[in-house]
Amino acid sequence: MSTVGRRPKVPFWAVPVLVVLPVWAFIYIGTLRPAEPGSLRARGAEVYAAQCAACHGSQGEGAAAPAFDAGAVFQTWPSFEDHLEWVQLGGARWAERHGPTYGATATPVNGAAMPGFDGRLDDRDLVHVVLYERTVLAGTNPDAADDERLRNVVAAMDNDPSMTLEAAIHASADLPQPAP
Ligand code: HEC
């Protein structure tokens, strides 16, 4: 029998496969997406409890050191990059590099009262703890683009352990930003 001019028929058994395939693909792609914020924050909570809570309070309510709650973090640090640099350097090296005050509030640096963490925590833990302070302890970031960029940095470093902090920050700036 000639097949010229006839479209090959989809075999009967293939129909359920073709129906299920898009659903499967959707579920599969879902597993490749970066972890949801809940699990992103879990690492930051551990680091915070071990390294920061003694001075800043277990809920960021402040103790010997300033509080992070009620938006205070966003007034001092509108940009996550400056916040991150402060945690890396600590007060003493911050003052050497940037002068006697820190943050958008121009708060006076009290010597080495705040330790630097770049030698104690790896870059991945540093971004996790900054994310934790900015999303869990501080409330809602008024700058949605800044919030999105930090989440992208954390997700990029989690998805690719060879990714450097510098490369992750650079990549986050190139991604489309959410509408204001
Ligand atoms: C030994 C006590 C101590 C520890 C531990 C500590 N801090 Fe601090 N931190 C301070 C002090 C004190 C200040 C206030 C800075 C100053 O007076 O120079 C400060 C300030 C800050 C600020 C600026 C707050 C503001 O709005 O003024 C941030 C952010 C911060 N710390 C983050 C962290 C993080 C993240 C950790 C854990 C990785 C941490 N700190 C661990 C003592 C500490």
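Bear in mind that the values in this text are calculations on the coordinates, not laboratory data. Treat the numbers as computed from the prediction; the structure is a model and nothing was measured. Every residue, glycine among them, receives a Cβ derived from its backbone with ideal geometry; neighbour counts consider all protein chains shown.
All other residues with a Cβ under 10 Å from the Cβ of F80 taken together, and with Lys, Arg as +1 and Asp, Glu as -1, what is their net charge?
-4
Near the amide H of Y102, under 5 Å away, which other amide H atoms are found, from residues 5 or more places off or on another chain, if H is placed in the peptide plane?
Here the answer is T107, V109, since their amide H atoms fall under 5 Å of that of Y102.
With a Förster radius of 22 Å, plug the Cβ-Cβ distance of T105 and A49 into 1/(1 + (r/R0)^6) and report the FRET value to the nearest 0.05.
So the FRET efficiency works out to roughly 0.25.
What is the spread of the Cα atoms of the stretch 35-174 along each of their three principal axes, largest first, in whole Å?
Projected onto its principal axes, the Cα set of the stretch 35-174 covers 37, 29, 28 Å.
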